[in-house]
1. Using each residue's phi in the range 98-105, evaluate 6.51 cos²θ - 1.76 cosθ + 1.60 at θ = phi - 60° and report the 3J(HN,Hα) Karplus result to the nearest Hz, with x for Gly and Pro.
2. Leaving out ligands, DNA and RNA, and with a 1.4 Å probe, what % of the accessible surface on the chain is carbon or sulfur?
3. How long is the chain along each principal axis, judged by its Cα atoms, biggest number first, in Å?
4. What are the ³J(HN,Hα) values, in whole Hz, obtained from phi via the Karplus relation 6.51 cos²θ - 1.76 cosθ + 1.60 with θ = phi - 60°, for each residue of the range 56-62 in sequence order, with x given for Gly and Pro?
5. Hey, can you grab everything whose amide H is under 5 Å from the amide H of Asp88? Only 5+ residues off in sequence or another chain; H modelled, so Pro and N-termini drop out.
6. Tally Lys and Arg at +1 and Asp and Glu at -1 over the other residues with C-beta under 14 Å from the C-beta of His82: what net charge comes out?
7. Can you pull out the trypsin sites (Lys or Arg not before Pro) in the range 59-102 whose DSSP state is coil and whose Cβ has at most 14 other Cβ atoms within 10 Å?
8. Across the range 91-96, in residue order, what do the Karplus-derived ³J(HN,Hα) couplings come to in whole Hz, using 6.51 cos²θ - 1.76 cosθ + 1.60 with θ = phi - 60° and x for Gly and Pro?
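The values are calculated or read from the model by the stated rules, or taken from the named source; none is laboratory data. What you see is a predicted model, and the numbers here were worked out from it, not measured in a lab. So basically every Cβ, Gly included, is an ideal-geometry build from the backbone, and we count neighbours across all protein chains shown. Calculation scope for accessible area: heavy atoms of the full protein, side chains included, ligands and nucleic acids excluded. Shrake-Rupley method; radii C 1.70, N 1.55, O 1.52, S 1.80 Å.
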Amino acid sequence: MSEQKIQWSRQEDVALTWVHEGQEFSHRLITNKLHGAPMSFHITTYMPHFDTIVEGDGKHEVILYCLHGWSEQIVEATGETHRFRPGDAMYLPKDYRYRHIIGEAGLVIAVCATPSKEAGDM
């Protein structure tokens, strides 16, 4: 575990993790392995018009914050829809499932996950 001190991180200094090759990638900026943090902080980028199903892994709780672009999120079990756009935050419990359709401008989000996700984790 890293010494408990103030630390900084930049996208170009950490490995890029492809979540879906050619469609979605993430930079794990703050992680347990790199900084000793109990949670992780990522910037995730989606290409325009990517359409996917997103499911919880039963282990991580996640908060998303939209920085740029937009997407349509559809909770298939209930039919609830939401246009996710800059300024929106979203909480995801350990178990969830929704359809995620990225808009024509792509999407850039900030992500916080607990426990920490590391570079290479999906």
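1. With coefficients 6.51, -1.76 and 1.60, one gets 8, 8, 10, 10, 7, x, 5, 8 Hz.
2. Percent of accessible area from carbon and sulfur atoms in the chain: 54.
3. The principal-axis extents, from largest down, are 46, 27, 26 Å.
4. x, 9, x, 10, 9, 9, 9
5. Placed amide hydrogens put Cys66 under 5 Å from Asp88.
6. Once positives and negatives cancel, what remains is -1.
7. Filter output for the range 59-102: Lys59, Lys94.
8. 9, 10, x, 5, 10, 7
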